[in-house]
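One structure is given here, and the rest of the page talks about it.
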Amino acid sequence: MKKIILVILLILLSFGAIFVSKGYDMYKEAIEETPLEKKVEEIQSKKNYTKLSELPQTYINAVISVEDHRFYKHHGIDVIAIGRAIINDIKARDLVEGGSTITQQIAKNEYFTQEKKFTRKIAEVFMAHELEKNYSKDEILELYINTIYFGNGYYNIVDACKGYFGKEPKDMTDGECIMLAGIPNAPSVYNPKENSTLAKQRQKQVADKMVEYGYLTEEEKNKILNSK
């Protein structure tokens, strides 16, 4: 029995090594084609690129709460989130959850496809490590906010704020900040112009996360959600 278990472990390790090798090759190919510094410069040169200092703190807190609440504690990879995702994937017998951090999402969105494959996930990890090694947490968060899609044809936060709320990002109310933070998870579903009811439901989910992680009290949450 021990020999059988050992053989199984060796087989799993061999397959793991193959996936890691392929993932590393994918990462190397991507970064050689477009070096990270060049990619960051491309993002920062886009029209309406928005600095973190130009955004309300409520919006920043909402994004961290709903996307990666341990963002400032990990180094690009959240082992706890990955472990939870693996368990859920095994239960579903499919890649239903990725456990991706904000840093990994930048890697995926800017360098790789959205296809759910183990090789791509490993390449993502290598790229996330490269990002964390070369940029501060605030720089990474700023890049993330400037590379997400907000639905309705809005590819930056300035257009999204003007389109949905008729104002600049710095002028958003707390409620608008929380609603906007929830849209990128599923832009076609949570687009407030198309699905105001679902957008409000998502807003509440984000607000609940903010309470859970200490950014809001229950009283503050209710006041925000009940305000016009």
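No value in this document is a laboratory result; all are computed from the given coordinates. It should be emphasised that the depicted structure is a prediction, and the values quoted were computed from it without experimental measurement. Cβ placement follows ideal geometry from the backbone for every residue including glycine, while neighbour counts extend to all protein chains displayed.
Under 12 Å from the Cβ of Q203, count the other residues' Cβ atoms, weight Lys and Arg +1, Asp and Glu -1, and hand me the total.
Local net charge: +2.
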Relative contact order, percent, region 150-228 [alpha-carbon distance under 8 Å, six or more residues apart]: 24 percent
Sorting check: for 125-137, 41-53, 211-223, which peptide has the highest mean count of neighbouring beta carbons within 10 Å, and how do the rest follow? 125-137, 211-223, 41-53
May I have the pair-distance distribution P(r) for region 150-228, computed from all Cα-Cα distances with 5 Å bins from 0 and rounded to whole percent? 3, 17, 28, 24, 18, 8, 1
How high is the FRET efficiency from V211 to K117, r the C-beta distance, R0 35 Å, rounded to 0.05? 0.50
Got a sec? How would F165, F118 order by Cβ neighbour count within 10 Å, fewest to most? F118, F165
Separation between the N195 and E220 pseudo-spin-labels, each 7 Å from Cα along Cα→Cβ, expressed in nm? 2.9 nm
